[in-house]
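A short write-up of the structure that comes next.
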Amino acid sequence: MRPRVTIGLPVYNGEALLETALESLLGQTLGDFELIIADNASTDATPEICRRYAERDSRIRYLGADHNLGAAANFNRIVPLARGEYFKWAAHDDCCAPRFLQTCVEVLDADPAIVLATTRTRRIDETGHPLDVYDFDLNCDGADPARRFASILRGHKCYEIFGLIRTEVLRHTDLIGGYAHGDGVLLADLALRGRLHESPEPLFLARSHESQSMAMVLDYHAYTSWFDPTKAGRLVFPCWRILREYLRIVGRAPITTRQRIACYRHLATWCVAWRRRLRGDLTAAVRHVAGVRRRSAGAAATAKG
């Protein structure tokens, strides 16, 4: 029988917090779900933990990997396997209050125009102690896709990516791109396809700790390598790539010509706000090329000597 929800949990070396995350998912008041764990070639006790839980609960499937695929590929490989009407990514270090799934499913069931449902986020520390409620209104629940797109372009933490998404809508996107802010671009793509709804009660518990991926967001070059390890040490233009992807999703979005033009205007405003970062990409590229040339010259001199 097809489950209502598929939960996809990508993980790499998550032994410290994985069991707590799994228990929070298995303790949901809505139990009609499958849980697919995608282990990204962990070298700690993560595989043993996953196998133990899979043996204990028939709703759980465990996927291993023989090498590190990168965050984006590991997140994305779960989606084609999903059988649920709704899909949720879950992080190995976050938790959900017991009514999270139930609350989001009720929202999606009630309104087919909503493509993603989530709740307000409460941040917690490594021990699970509450820190604060993330008080940022994404404001993507309106009828106008251009306005929803403009709201997404504002700086935010992308917690919404861990909400419930209509699986068929998600499959019409490119999922999470292998570049910095690939999750944010996916949210923008979803916002162009339908409304994003946030319930007011903070039922999503996002853990804040030093080793999490969000610690890299100020260095988009490092963030690119986290999403796709094959790009480590290569010449990349992360902010220009984000712009290119925004342009691409607007160009193919199922919206009117007038709405598309409005989105391009919002992107022009975004470019002005991001001008220093865009310029920084070019500066970083010059330094990268200069460094490669210096290393090549040094290697040549060593070879001659």
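The values are calculated or read from the model by the stated rules, or taken from the named source; none is laboratory data. All values derive from a computational prediction rather than experimental measurement. Cβ sites come from the backbone with ideal geometry, for glycine too, and all protein chains shown count toward neighbours.
For the structure I just gave you, tell me whether ALA82 is touching a His at 6+ places or on another chain (Cβ under 6 Å) and either surrounded by 20 or more Cβ atoms within 10 Å (Cβ to Cβ) or not hydrophobic (A, V, I, L, M, F, W, C) (or both). Taking the combined requirement at face value, the residue does not satisfy it.
Listed here are the residues, each with its yes/no results for (1) modelled with pLDDT under 85; (2) surrounded by 11 or more Cβ atoms within 10 Å (Cβ to Cβ).
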{"site": "PRO238", "(1), (2)": "no, yes"}
{"site": "GLY251", "(1), (2)": "no, no"}
{"site": "ARG277", "(1), (2)": "no, yes"}
{"site": "ALA284", "(1), (2)": "no, yes"}
{"site": "ALA299", "(1), (2)": "yes, no"}
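Consider ILE49 carefully, then state whether it is at pLDDT 95 or above, surrounded by 16 or more Cβ atoms within 10 Å (Cβ to Cβ), over 23 Å from PRO229 (Cα atoms) and under 17 Å from the mean Cα position of the chain (by Cα).
Working: at pLDDT 95 or above: yes; surrounded by 16 or more Cβ atoms within 10 Å (Cβ to Cβ): yes; over 23 Å from PRO229 (Cα atoms): yes; under 17 Å from the mean Cα position of the chain (by Cα): no.
The answer is no for ILE49.
Within region 154-174, if we keep just the residues that are touching a helix residue (DSSP H, G or I) at 6+ places or on another chain (Cβ under 6 Å) and farther than 24 Å from ARG207 by Cα, the residue that is surrounded by the most Cβ atoms within 10 Å (Cβ to Cβ) turns out to be THR173.
Yes/no matrix, rows are residues, columns are (1) under 17 Å from CYS104 (Cβ atoms); (2) touching a Leu at 6+ places or on another chain (Cβ under 7 Å):
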{"residue": "ASP141", "(1), (2)": "yes, yes"}
{"residue": "SER151", "(1), (2)": "no, yes"}
{"residue": "GLY155", "(1), (2)": "no, no"}
{"residue": "TYR179", "(1), (2)": "no, no"}
{"residue": "LEU187", "(1), (2)": "yes, no"}
{"residue": "GLU198", "(1), (2)": "yes, yes"}
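Contact map, region 266-284: residues that are among the basic types (Lys, Arg) paired with residues that are crowded, with 17+ Cβ neighbours inside 10 Å, Cβ distance under 6 Å, separation 6+ or inter-chain. Pairs shown: ARG277/CYS239.
Would you confirm, using the coordinates I've provided, whether ARG147 is in contact with a strand residue (DSSP E or B) (Cβ under 6 Å, 6 or more places away or on another chain), crowded, with 16+ Cβ neighbours inside 10 Å and not small (Gly, Ala, Ser)? Write out each step before concluding.
Numbers: in contact with a strand residue (DSSP E or B) (Cβ under 6 Å, 6 or more places away or on another chain): no; crowded, with 16+ Cβ neighbours inside 10 Å: yes; not small (Gly, Ala, Ser): yes.
No, not satisfied.
Per the listing LEU69, LEU101, LEU138, the residue uniquely within 21 Å of the chain's Cα centre (by Cα) and either in a helix (DSSP H, G or I) or within 19 Å of ASP32 (Cβ to Cβ) (or both) is LEU101. Only one of the numbered conditions (1) in a loop (DSSP other than H, G, I, E, B); (2) modelled with pLDDT under 95 is violated by LEU131, and that is (1). The residues of region 222-272 that are part of a helix (DSSP H, G or I) and small (Gly, Ala, Ser), listed by number, are ALA222, SER225, GLY251, ALA262, ALA268.
Which one is surrounded by the fewest Cβ atoms within 10 Å (Cβ to Cβ) among residues in region 23-46 that are hydroxyl-bearing (Ser, Thr, Tyr) and out of contact with any helix residue (DSSP H, G or I) (no Cβ under 8 Å at 6 or more places or on another chain)? Outline the logic, then answer.
Taking region 23-46 first, the residues hydroxyl-bearing (Ser, Thr, Tyr) are 24, 29, 42-43, 46.
Okay, now just the ones that are also out of contact with any helix residue (DSSP H, G or I) (no Cβ under 8 Å at 6 or more places or on another chain), so 24, 42-43.
Working: SER24: 18, SER42: 21, THR43: 10.
Checked region 23-46; the qualifying residue surrounded by the fewest Cβ atoms within 10 Å (Cβ to Cβ) is THR43.
Scanning region 197-218 for residues that are among the aromatic types (Phe, Trp, Tyr), within 13 Å of the chain's Cα centre (by Cα) and surrounded by 18 or more Cβ atoms within 10 Å (Cβ to Cβ) turns up nothing.
Looking only at region 131-144, filter to residues that are touching a residue at least 60 places away in the same chain (Cβ under 8 Å) and within 19 Å of ASP94 (Cα to Cα); which one of those is surrounded by the most Cβ atoms within 10 Å (Cβ to Cβ)? Walk me through it before giving the result.
Taking region 131-144 first, the residues touching a residue at least 60 places away in the same chain (Cβ under 8 Å) are 131, 133-134, 137-138, 144.
Now restrict to residues that are within 19 Å of ASP94 (Cα to Cα): 131, 133-134.
On the way: LEU131: 12, VAL133: 13, TYR134: 15.
Result: TYR134.
Let's see how each residue does on (1) out of contact with any Gly (no Cβ under 7 Å at 6 or more places or on another chain); (2) under 24 Å from LEU170 (Cα atoms):
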| site | (1), (2) |
| --- | --- |
| THR6 | no, yes |
| PRO10 | yes, yes |
| GLU15 | yes, no |
| LEU25 | yes, yes |
| LEU30 | yes, yes |
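The set of residues in region 190-219 that are of a type outside the set (A, V, I, L, M), at pLDDT 80 or above and more than 28 Å from THR20 (Cα to Cα) comprises ARG193, GLY194, ARG195.
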